[in-house]
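A.B. asks: Before anything else, here's the structure in question.
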């Protein structure tokens with residue numbers, strides 16, 4: 001209920017009113033971040049499978065579960081659970097939220113995506129689909145694990161901190177590198193290392209690697225075990241996660257389920273093209289000459305034919321890159 005209350009308060013701050021219904025609140029939440037669809041549905045269902053009631057009341061709101069008997073009143077597990085927020089409570093929350101500067105309210109993830117000239121994942125993928133199961137650890141769980149072990153993670157602290165100074169400093173640095181080729185190249189190289197399966201992946205330290213990759217992977221595998229052991233186990237399961245997580249997943253699936261990789265398909269999420277139009281044109285001309293020479297060889301062997309095929313493919317890709325870069329320059 002506390003999670004749901006925070007979402008209701010977020011809706012009120014955004015719209016200057018309370019949601020008229022549970023459906024309106026859900027539409028707002030999913031519109032902000034589709035990954036919250038499943039957590040929201042779980043939060044609006046009590047421990048006995050009944051829907052948690054939401055209603056406006058005297059300028060505030062009430063969330064209520066009727067307990068195991070699904071009737072008003074009762075004792076023990078049948079006791080009603082009620083969480084209410086009256087106008088004075090909402091006004092206090094609004095005052096505390098208003099004290100945060102507009103800098104802190106800006107979306108840091110969106111700014112990072114903008115600096116890399118890519119689309120934010122949560123704005124591009126529909127997580128509100130049948131069959132999708134959230135298996136990640138929430139930020140609160142990650143912070144709690146670090147606190148209990150007396151450890152610190154610079155990455156987790158930066159992403160979870162409300163410190164205007166930390167976020168302001170990161171935004172200041174982003175303003176210098178935004179959309180720069182060198183910055184994108186650095187990130188691409190770091191992500192490439194992250195997918196290599198080595199310790200300290202992607203420049204992460206030992207604590208960051210364990211908490212951000214290993215322990216989150218363990219949570220996914222635990223969820224997978226429970227899903228496959230259930231009566232309604234699906235005929236197939238896909239794990240949707242970043243490349244840095246896959247090496248560990250592969251190891252577990254090999255050892256525990258005897259699986260073997262069948263194929264790997266890579267799609268381009270982000271690319272860096274440092275070559276100028278002039279250099280691309282030079283490479284097009286050079287490759288075209290090499291292809292002409294390979295195709296004119298009267299005694300062409302299978303190896304030569306294979307080489308010509310590769311040159312033809314390279315030539316087409318170079319031409320495409322040159323045309324795209326020329327069009328981008330013309331657009332400016």
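A.B. asks: Does residue 39 fit the bill of being closer than 20 Å to residue 132 by Cα and in contact with a helix residue (DSSP H, G or I) (Cβ under 9 Å, 6 or more places away or on another chain)? Lay out the reasoning, then the answer.
C.D. replies: Details: closer than 20 Å to residue 132 by Cα: yes; in contact with a helix residue (DSSP H, G or I) (Cβ under 9 Å, 6 or more places away or on another chain): yes.
When the stated conditions are applied, residue 39 passes them.
A.B. asks: Continuing with this model, one more query. It is to be established whether one or more residues within the stretch 70-85 are modelled with pLDDT under 85 and under 28 Å from residue 130 (Cβ atoms).
C.D. replies: Taking the stretch 70-85 and keeping what is modelled with pLDDT under 85, we get 70-85.
Narrowing further to those that are under 28 Å from residue 130 (Cβ atoms): 70.
Yes, because at least one residue in the stretch 70-85 is modelled with pLDDT under 85 and under 28 Å from residue 130 (Cβ atoms).
A.B. asks: Scan the stretch 273-331 residue by residue and report those that are loosely packed, with under 12 Cβ neighbours inside 10 Å and part of a loop (DSSP other than H, G, I, E, B).
C.D. replies: Of everything in the stretch 273-331, those that are loosely packed, with under 12 Cβ neighbours inside 10 Å and part of a loop (DSSP other than H, G, I, E, B) turn out to be 274, 296, 298, 299, 301.
A.B. asks: Scan the stretch 301-332 for residues that are within 34 Å of the chain's Cα centre (by Cα) and farther than 18 Å from residue 282 by Cβ and jot them down.
C.D. replies: Let us first name the residues in the stretch 301-332 that are within 34 Å of the chain's Cα centre (by Cα), namely 313-314, 316-332.
Result: 313, 327, 328, 330, 331, 332.
A.B. asks: Still on this structure, I have one more. Filter the stretch 217-247 down to the residues that are within 22 Å of residue 270 (Cβ to Cβ) and part of a helix (DSSP H, G or I) and list them by number.
C.D. replies: Answer for the stretch 217-247, where residues must be within 22 Å of residue 270 (Cβ to Cβ) and part of a helix (DSSP H, G or I): 243, 244, 245, 246, 247.
The values are calculated or read from the model by the stated rules, or taken from the named source; none is laboratory data. Quick caveat: nothing in here was measured; it's all calculated off a predicted structure. When we count neighbours, we look across all protein chains shown, and the Cβ atoms used for this are built from the backbone with ideal geometry, even at glycine.
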